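Novice: Please find one structure pasted underneath; my questions will follow.
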């Protein structure tokens, strides 16, 4: 494994750091070099967890380190400004359980050198230099080793042109990693060297970005070398009243590992015809070459009319044409949508909208059929076998026993049924030659992508009424696919999403209360899901001895939801209690108490039923005093999962304590 040598820049950075701490950093060394006050922080982290279940364990981790930061300038900050930042950290961790005991030691060293030259001077150019290195070495008592070094060096020249400021940057990044899980395990290495040239420029109308990357994968047994060229040019031209023309060209070309090429062109024009009428016209072209090649052309037009700032109406039409190695596809769509908003209508705010569109899709597939031979299935108690592939040509299905010698008959031993999601099922006929628990082999042909022409009708509407203590929201979106021509209605997916929500709010003194009910319905293909939710929330601010500032803000929320699906139902009950207390300007305390219970029941649940309970109590606190920052977080969690028929009851109890102490010395 090749190791990374420390560059002269890094050596100079450390030498300068030693000089800084050898003198009074608040003083001026000479008339030329000035140091700002040194920043010195001490950091201590602790994270410990005790877990009690079938395999009790204890895990602790300590982290201690320093951060030293020194900034300054030569002659003047506008001429030469610099920053040196060093962060050495030591970590120690231990994992102890009934089966394993392991200790790990780690050393981290991060440092950064950054300087800006001539940035603030009247001259035409400025320069930026950056050198950064991060190293992490972690070794374990059982022979594990994790060694990572990331080094980045960059230099850029900036042209300080007011009309078109431009920068040219060169960057080198080295990533060196070695991983071994134990003494007897194989060593995994990663050694990469990335070089980049980046040219950027921007004006009020034009933006350019060109980049060339070269990756050298220096592991002999793995070749992931590549070269990547990127180019982006965008232009925005404004004229008249709120009219604009936007153009974009985006090109990517990657050769070598994971080769691909992409070209994207976009043109968009927004024209303000009258005060209340504008149009938007766009065209896009995209060509993508990976393992396959695809080319797409598309365009759209929309006309928007606004009436009295309350009613927006938009008519739109768009189309696209896609040619690829997999399929040729043509689409067109037309629609109308409108949105109404009124403030203070008899004291209420109203939002309402409605829209509809019609689309036709003509797809000519080039993928053909795939043949599946002897797909193995075990017949379940329900007698239903779902085949693995989609878009199956049902006339090609052949079912045999596990040896392939007995061929079963459709209509006598099984029947073929179309299922949701373009699936196909075999329903075993009682009394036939196939019994529960038998292994059967199924062979068939399936379309990889069907050739079809179909239409899609989409409708939606929404309504919201917000009146002080009352809020009502209802939205509905529906999409229907209809086959025009093609082999079958496979691949067509009807969808629907409906959401209804009602809330009641009240305020009694210092108590804020909210009661709400919600229903969500989702349909995708043959899959349906309905969720009913009831929620209550109470907030109360108590007065403290020092006035309202020191009072405690209490929050109590309770939620009950029921999810109904075809093969599984879920009931969920949840309650949360929290408080936010600031006894002083530098101290914040937040205790929490939370519990929930979930019950799953259905044919998809092992054993037919599963109960899951969770309870947690915790405390979070933050203290800020002069140069000391302290964060404390403690949680006690209990989780119980019960499967009455199969696995019985499992219980897990976790106690976790975390704290962070940061002391700013200078």
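The values are calculated or read from the model by the stated rules, or taken from the named source; none is laboratory data. Nothing here was measured: the structure is a model prediction, and the numbers come from that model. Using ideal geometry, Cβ is built from the backbone for each residue, glycine included, and neighbour counts are taken over all protein chains shown.
Novice: With (1) at pLDDT 95 or above; (2) within 30 Å of residue 314 (Cα to Cα) as the list, and residue 231 as the residue in question, which single condition is left unmet?
Specialist: (2)
Novice: Another question about this same structure. So in the stretch 377-400, with the set limited to residues that are closer than 10 Å to residue 440 by Cα and modelled with pLDDT under 90, which one is nearest to the chain's Cα centre (by Cα)?
Specialist: To start, the set of residues in the stretch 377-400 that are closer than 10 Å to residue 440 by Cα comprises 377-379, 385, 399-400.
Subsequent filtering for residues that are modelled with pLDDT under 90 retains 378-379, 385.
Values: 378: 38, 379: 39, 385: 36 Å.
Checking each candidate, the answer is 385.
Novice: Let me spell it out: the conditions are (1) in contact (Cβ under 8 Å) with a residue 60 or more places away in the chain; (2) exposed (fewer than 15 other Cβ atoms within 10 Å of the Cβ), and residue 324 meets all of them except one. Which number is the exception?
Specialist: Going through (1) in contact (Cβ under 8 Å) with a residue 60 or more places away in the chain; (2) exposed (fewer than 15 other Cβ atoms within 10 Å of the Cβ) one by one, residue 324 breaks only (1).
Novice: Let me ask something else about it. Checking the structure you have, find out if any residue of the stretch 311-319 is surrounded by 13 or more Cβ atoms within 10 Å (Cβ to Cβ) and under 31 Å from the mean Cα position of the chain (by Cα). Walk me through how you get there before you give the answer.
Specialist: Within the stretch 311-319, the subset surrounded by 13 or more Cβ atoms within 10 Å (Cβ to Cβ) is 311-319.
Those left that are additionally under 31 Å from the mean Cα position of the chain (by Cα): 318-319.
The answer is yes, given that some residue of the stretch 311-319 is surrounded by 13 or more Cβ atoms within 10 Å (Cβ to Cβ) and under 31 Å from the mean Cα position of the chain (by Cα).
Novice: Among the residues of the stretch 49-56, are any in contact (Cβ under 8 Å) with a residue 12 or more places away in the chain, closer than 19 Å to residue 662 by Cα and part of a strand (DSSP E or B)?
Specialist: Residues of the stretch 49-56 that are in contact (Cβ under 8 Å) with a residue 12 or more places away in the chain, as a first pass: 49-56.
Right, trim to closer than 19 Å to residue 662 by Cα and you get none.
No, every residue in the stretch 49-56 fails to be in contact (Cβ under 8 Å) with a residue 12 or more places away in the chain, closer than 19 Å to residue 662 by Cα and part of a strand (DSSP E or B).
Novice: Still on this structure, please answer the following. Are any of the residues in the stretch 433-445 more than 30 Å from residue 348 (Cα to Cα), exposed (fewer than 15 other Cβ atoms within 10 Å of the Cβ), outside the structural domain of residue 596 (by TED's automatic domain parsing) and at pLDDT below 85?
Specialist: Yes, some residue in the stretch 433-445 is more than 30 Å from residue 348 (Cα to Cα), exposed (fewer than 15 other Cβ atoms within 10 Å of the Cβ), outside the structural domain of residue 596 (by TED's automatic domain parsing) and at pLDDT below 85.
Novice: Something else about it: Does at least one position in the stretch 456-479 carry a residue that is modelled with pLDDT under 90 and buried (at least 16 other Cβ atoms within 10 Å of the Cβ)? Spell out the reasoning first.
Specialist: Pass one, the stretch 456-479, residues modelled with pLDDT under 90: 468.
In the following step, the residues that additionally are buried (at least 16 other Cβ atoms within 10 Å of the Cβ) were identified as none.
Checking the stretch 456-479: not a single residue is modelled with pLDDT under 90 and buried (at least 16 other Cβ atoms within 10 Å of the Cβ).
Novice: Sticking with this structure for a sec: Mind checking whether some residue in the stretch 234-247 is within 28 Å of the chain's Cα centre (by Cα), closer than 23 Å to residue 260 by Cα and surrounded by 15 or more Cβ atoms within 10 Å (Cβ to Cβ)? Break it down into steps so the answer makes sense when it comes.
Specialist: To start, the set of residues in the stretch 234-247 that are within 28 Å of the chain's Cα centre (by Cα) comprises 234.
This time we only want the ones that are closer than 23 Å to residue 260 by Cα, so: 234.
Still in the list and also surrounded by 15 or more Cβ atoms within 10 Å (Cβ to Cβ): 234.
Looking for residues that are within 28 Å of the chain's Cα centre (by Cα), closer than 23 Å to residue 260 by Cα and surrounded by 15 or more Cβ atoms within 10 Å (Cβ to Cβ), one finds at least one in the stretch 234-247, hence yes.
Novice: Further question: Only one of (1) modelled with pLDDT under 95; (2) under 30 Å from residue 576 (Cβ atoms); (3) surrounded by fewer than 16 Cβ atoms within 10 Å (Cβ to Cβ) is not met by residue 520, so which one is it?
Specialist: (3)
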